[in-house]
1. Apply the Kirkwood formula to the range B:137-289: the hydrodynamic radius equals the inverse of the mean of 1/r over all pairs of different alpha-carbon atoms; give it in Å with one decimal.
2. Fewest to most neighbouring Cβ within 10 Å: what's the order for A:L35, B:L276?
3. Sort B:169-179, A:121-131, A:52-62 by packing, meaning the average of other beta carbons within 10 Å per residue, with the highest value first.
4. Could you give log10 I(q)/I(0) at q = 0.07, 0.08 Å⁻¹ for the protein assembly as shown, computed by the Debye formula over C-alpha point scatterers of equal weight, without solvent?
5. Return, ordered by residue number, the residues of the range A:128-152 whose backbone nitrogen is under 16 Å from a label point located 7 Å along Cα→Cβ of A:I55.
6. Based on Cα positions only, what radius of gyration and what Dmax would you give for the range B:30-172, in angstroms?
7. Would you pull out the residues with amide H under 5 Å of A:G63's amide H, same chain only if 5 or more places away, H placed 1.01 Å from N?
8. Measure nothing fancy, just the Cα-based angle from helix B:86-95's long axis to the longest principal axis of chain B, in degrees from 0 to 90, nearest 10.
Amino acid sequence: MTRIVLSKPDIDRALKRIAHEIVESQRGESGLVFLGIPTRGIHLAQRLAALVAEIEPQDVSVGTLDVTMFRDDLAAKSTRMTVPTEIPASGVDGRTVVLVDDVLYSGRTARSALDALTAIGRPSIVRLAVLVDRGHRELPIRADFVGKNLPTSTSERVNLSLVESDGVDEVSIA
Amino acid sequence: MKHLLSTRDLSRDDAVAILDTALDMAEVRQRDVKKLPTLRGKTVANVFFEDSTRTRLSFEAAALALSADVTTFTAQGSSVSKGESLKDTLQTIEAMGADFIVLRHQHSGAAQAVVDNRWVDAHMINAGDGTHEHPTQALLDAMTMRSRLKGDAARGSDLDDISITIVGDVVHSRVARSNAWLLHTLGASVTFAAPRTLIPRGIDHWGAKVVDTLDEALDERPDVVMCLRIQRERMSSGFFPSETEYSTVWGMTPARLAALPDTSIVMHPGPMNRGLEIAGSVADSAQSTVTDQVTNGVATRMAVLYHLMGADS
């Protein structure tokens, strides 16, 4: 049975709130870089960057961070395709990087992202923003900005759809 | 995919996936930190029964870039000179802890025999077997063609509308075979130009056209001219009258390059015999991809190692 837990207005509202929280936490810092983790994190990063720029004109750039080659389960799973990493020309050194992912679950993707980021540069601050936190962490990792905390059981599946890739904004549990 | 033995085993989608990963690996090679942790704790054994500099160094660089440990075995001065068999040599190397074996061997079909007879469990990569195949060379050549001819549109694409002339010593060339099969799979049209003495029997089954002069092939204005090395070490005399005549009739000269469109590229797998199959000035021209091929070789081999490591392999 599939149950819709977030509809489009809920997602819009959650992202707007996260954008405000990011602007607030950013006071006095210079340069925000949103790095989306493929695939849906890319779209969320672009939306957040646009929202932040709307709230307060500032130095905002967006990119993509592929974490595939940094995962710890590569030999145990079937081959995953890599996605191009695109770092804004201004780089990440000395800036505030916000890693953006769709769903936070075990924390292993976020761990891979931290390693991948270290190989690219040295931001002054790294933060993590996710649309959904479904719990069940396997590593000591937490998100700084969460759209919605969703208590789930491990047997449930969280499906997150976005207009850019799926034609509709929706989060459901199956 | 557990092994890479032949380009004939690759579907179009397999090949495009490897080439796309290779693009991402090439981007990593441009970074300050050029290393990925992907193969940490794994060992890649380069087992070379035949001389090779660029292929061995390229596989070494690829394995190191993925954080693998690398051991290198060359037949010279080894137990092979005491009569040890291929099976025993490979089992010894695997017993020391090799997860990947990169095999270069003078006999056609050597890597295939190792896998068919289940002599080892490691992932096998054929790095050249006799005059048979050299699949990673064909993949790096395809990557070079895609990137040079398609630029930003390279990702996800095959070589559907690309025409390639392969000129020279086809009969002794594993590069030609692996390329012919891969290029056919990727939808390219391939023409071979070579003296009849250097055309193998059975070439009609390669899905390519054969012409009798290089100029006939160049009249079609191909997108790619791939020069093959004249393999002096594999050749007893009598395949062609003289080196001077060969370079006049079959060599990629400045005049022949000038007659090609500016967008066409000239490839050579190396090592080059400058002045024989390719003129020095052609090899150094902007249309030459010789150094691109070397750079792309490392990225391609990283991609191959990565695609073999997954659990579905």
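Each reported figure results from applying straightforward, stated rules to the coordinates on display, with no laboratory input. Small disclaimer: the values here were computed from a predicted structure and weren't measured. Neighbour counts are summed over all protein chains in view; Cβ atoms, including those assigned to glycine, are modelled from backbone coordinates with ideal geometry.
1. Working: mean 1/r = 0.0649 Å⁻¹.
After inverting the pairwise mean of 1/r, the radius is 15.4 Å.
2. Working: A:L35 29, B:L276 18.
Arranged by neighbour count, lowest to highest, A:L35, B:L276 become B:L276, A:L35.
3. Values: B:169-179: 25.3, A:121-131: 19.7, A:52-62: 15.0.
Result, highest mean Cβ count within 10 Å first: B:169-179, A:121-131, A:52-62.
4. -0.46, -0.59
5. Correct set: A:128-131, A:144-148.
6. 17.2, 53
7. So A:G63 has HN proximity to A:F34, A:L35, A:G36.
8. 50 degrees
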